[in-house]
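The values are calculated or read from the model by the stated rules, or taken from the named source; none is laboratory data. What you are looking at is a predicted structure, and each value in this text was computed from that prediction instead of being measured. Side chains are part of the model used for accessible areas, which takes the heavy atoms of the whole protein and leaves out ligands, DNA and RNA. Shrake-Rupley method; radii C 1.70, N 1.55, O 1.52, S 1.80 Å.
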Amino acid sequence: MNGIVVGLLPGVLWMVAVIFAVSIITITVSRGHLFTPRRRRPPVDPVDWSMVKTHFMSFAAALIPFPVLTFTADLMDARMLAFYDHAQLPGAIIVFVLVLLELVAMYLQARNASESAMDSRLGVAARRDDDDAGIVPDRARSGNEGDMDKQGED
(Lines give C-alpha, C1' and ligand atoms only; values in the text may rest on other atoms or scores of the structure.)
Protein backbone atom coordinates (compact mmCIF):
# COMPACT_ATOMS: atom_id res chain seq x y z
CA MET A 1 0.00 0.00 0.00
CA ASN A 2 2.82 2.42 0.85
CA GLY A 3 4.44 1.83 -2.54
CA ILE A 4 1.22 2.75 -4.35
CA VAL A 5 0.90 6.04 -2.50
CA VAL A 6 4.54 6.90 -3.13
CA GLY A 7 4.14 5.85 -6.76
CA LEU A 8 1.11 8.10 -7.27
CA LEU A 9 2.58 11.13 -5.47
CA PRO A 10 4.54 12.66 -8.42
CA GLY A 11 1.57 12.20 -10.77
CA VAL A 12 -0.87 13.77 -8.31
CA LEU A 13 1.50 16.70 -7.72
CA TRP A 14 1.85 17.16 -11.49
CA MET A 15 -1.94 17.17 -11.92
CA VAL A 16 -2.28 19.76 -9.13
CA ALA A 17 0.28 21.95 -10.92
CA VAL A 18 -1.61 21.61 -14.21
CA ILE A 19 -4.95 22.46 -12.59
CA PHE A 20 -3.32 25.40 -10.83
CA ALA A 21 -1.88 26.74 -14.11
CA VAL A 22 -5.11 26.25 -16.06
CA SER A 23 -7.10 28.05 -13.37
CA ILE A 24 -4.69 31.02 -13.45
CA ILE A 25 -4.97 31.19 -17.23
CA THR A 26 -8.77 30.97 -17.05
CA ILE A 27 -9.05 33.72 -14.44
CA THR A 28 -6.68 35.99 -16.36
CA VAL A 29 -8.52 35.44 -19.65
CA SER A 30 -11.81 36.19 -17.93
CA ARG A 31 -10.65 39.33 -16.12
CA GLY A 32 -8.70 40.62 -19.10
CA HIS A 33 -11.50 40.07 -21.64
CA LEU A 34 -8.84 38.65 -23.97
CA PHE A 35 -11.26 37.37 -26.59
CA THR A 36 -13.55 40.41 -26.63
CA PRO A 37 -13.02 42.85 -29.54
CA ARG A 38 -11.68 46.22 -28.42
CA ARG A 39 -14.75 48.21 -29.46
CA ARG A 40 -17.01 45.99 -27.30
CA ARG A 41 -14.56 45.40 -24.43
CA PRO A 42 -15.58 46.74 -21.02
CA PRO A 43 -12.91 48.52 -18.95
CA VAL A 44 -10.17 46.09 -17.92
CA ASP A 45 -8.37 46.26 -14.59
CA PRO A 46 -4.59 45.78 -14.44
CA VAL A 47 -3.19 42.41 -13.42
CA ASP A 48 -3.62 42.11 -9.68
CA TRP A 49 -0.51 41.47 -7.59
CA SER A 50 -2.20 38.44 -6.08
CA MET A 51 -2.28 36.89 -9.58
CA VAL A 52 1.44 37.60 -10.02
CA LYS A 53 2.16 35.94 -6.67
CA THR A 54 -0.09 33.04 -7.64
CA HIS A 55 1.90 32.67 -10.86
CA PHE A 56 5.10 32.24 -8.84
CA MET A 57 3.37 29.65 -6.66
CA SER A 58 2.22 27.87 -9.82
CA PHE A 59 5.78 27.88 -11.12
CA ALA A 60 6.98 26.30 -7.87
CA ALA A 61 4.15 23.75 -8.01
CA ALA A 62 5.21 22.89 -11.56
CA LEU A 63 8.76 22.14 -10.40
CA ILE A 64 7.93 20.06 -7.30
CA PRO A 65 6.85 16.75 -8.95
CA PHE A 66 10.22 16.21 -10.64
CA PRO A 67 12.46 16.24 -7.53
CA VAL A 68 9.78 14.22 -5.69
CA LEU A 69 10.06 11.62 -8.46
CA THR A 70 13.83 11.60 -8.15
CA PHE A 71 13.78 11.22 -4.36
CA THR A 72 11.07 8.54 -4.28
CA ALA A 73 12.21 6.48 -7.29
CA ASP A 74 13.81 3.82 -5.05
CA LEU A 75 10.49 3.19 -3.29
CA MET A 76 8.42 2.76 -6.47
CA ASP A 77 7.33 -0.30 -8.35
CA ALA A 78 9.31 -0.94 -11.56
CA ARG A 79 6.21 -0.51 -13.78
CA MET A 80 5.35 2.82 -12.15
CA LEU A 81 8.94 4.00 -12.51
CA ALA A 82 8.95 2.99 -16.19
CA PHE A 83 5.73 4.95 -16.71
CA TYR A 84 7.23 8.06 -15.14
CA ASP A 85 10.39 7.64 -17.22
CA HIS A 86 8.27 7.75 -20.37
CA ALA A 87 5.94 10.50 -19.17
CA GLN A 88 8.54 12.79 -17.62
CA LEU A 89 9.55 14.74 -20.74
CA PRO A 90 6.01 15.26 -22.09
CA GLY A 91 4.88 16.25 -18.58
CA ALA A 92 7.68 18.78 -18.27
CA ILE A 93 6.85 20.24 -21.69
CA ILE A 94 3.14 20.54 -20.84
CA VAL A 95 3.84 22.28 -17.53
CA PHE A 96 6.41 24.60 -19.15
CA VAL A 97 3.95 25.60 -21.88
CA LEU A 98 1.20 26.23 -19.31
CA VAL A 99 3.47 28.47 -17.23
CA LEU A 100 4.39 30.41 -20.37
CA LEU A 101 0.70 30.73 -21.26
CA GLU A 102 0.13 32.22 -17.81
CA LEU A 103 2.69 34.90 -18.61
CA VAL A 104 1.19 35.55 -22.04
CA ALA A 105 -2.32 35.86 -20.59
CA MET A 106 -1.13 38.25 -17.88
CA TYR A 107 0.73 40.34 -20.49
CA LEU A 108 -2.39 40.54 -22.66
CA GLN A 109 -4.53 41.53 -19.67
CA ALA A 110 -2.01 44.26 -18.80
CA ARG A 111 -2.08 45.49 -22.40
CA ASN A 112 -5.88 45.57 -22.42
CA ALA A 113 -5.87 47.43 -19.09
CA SER A 114 -3.44 49.97 -20.53
CA GLU A 115 -5.67 50.45 -23.56
CA SER A 116 -8.71 50.88 -21.31
CA ALA A 117 -6.93 53.47 -19.19
CA MET A 118 -5.76 55.34 -22.28
CA ASP A 119 -9.22 55.25 -23.83
CA SER A 120 -10.80 56.63 -20.67
CA ARG A 121 -8.21 59.40 -20.36
CA LEU A 122 -8.40 60.36 -24.01
CA GLY A 123 -12.18 60.24 -23.93
CA VAL A 124 -12.29 62.63 -20.98
CA ALA A 125 -9.77 64.94 -22.64
CA ALA A 126 -11.67 64.91 -25.95
CA ARG A 127 -14.95 65.73 -24.22
CA ARG A 128 -13.26 68.52 -22.25
CA ASP A 129 -11.80 70.01 -25.46
CA ASP A 130 -15.19 69.84 -27.18
CA ASP A 131 -16.84 71.63 -24.26
CA ASP A 132 -14.16 74.35 -24.18
CA ALA A 133 -14.36 75.02 -27.92
CA GLY A 134 -18.15 75.02 -28.00
CA ILE A 135 -18.26 72.06 -30.40
CA VAL A 136 -21.58 70.26 -30.41
CA PRO A 137 -21.38 66.48 -30.88
CA ASP A 138 -23.01 65.06 -34.04
CA ARG A 139 -25.83 63.38 -32.16
CA ALA A 140 -26.90 66.71 -30.60
CA ARG A 141 -27.15 68.60 -33.93
CA SER A 142 -30.46 69.24 -35.57
CA GLY A 143 -31.35 67.65 -38.90
CA ASN A 144 -29.69 69.86 -41.56
CA GLU A 145 -26.66 71.34 -39.79
CA GLY A 146 -24.49 68.26 -40.32
CA ASP A 147 -25.21 67.89 -44.05
CA MET A 148 -22.48 70.17 -45.41
CA ASP A 149 -21.90 68.20 -48.63
CA LYS A 150 -25.59 68.34 -49.63
CA GLN A 151 -25.64 72.17 -49.57
CA GLY A 152 -23.49 72.50 -52.73
CA GLU A 153 -25.77 70.28 -54.82
CA ASP A 154 -28.60 72.89 -55.16
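Per the Kirkwood treatment, what hydrodynamic radius in Å, one decimal, follows for segment 1-121 from the mean inverse distance over all distinct Cα pairs?
Evaluated on segment 1-121, it is 16.1 Å.
Hey, what's segment 23-64 come to in accessible area per residue, 1.4 Å probe, Å²?
On a per-residue basis, 69 Å².
For segment 1-127, with all protein chains present and a 1.4 Å probe, just round the carbon and sulfur fraction of the accessible area to a whole percent.
73
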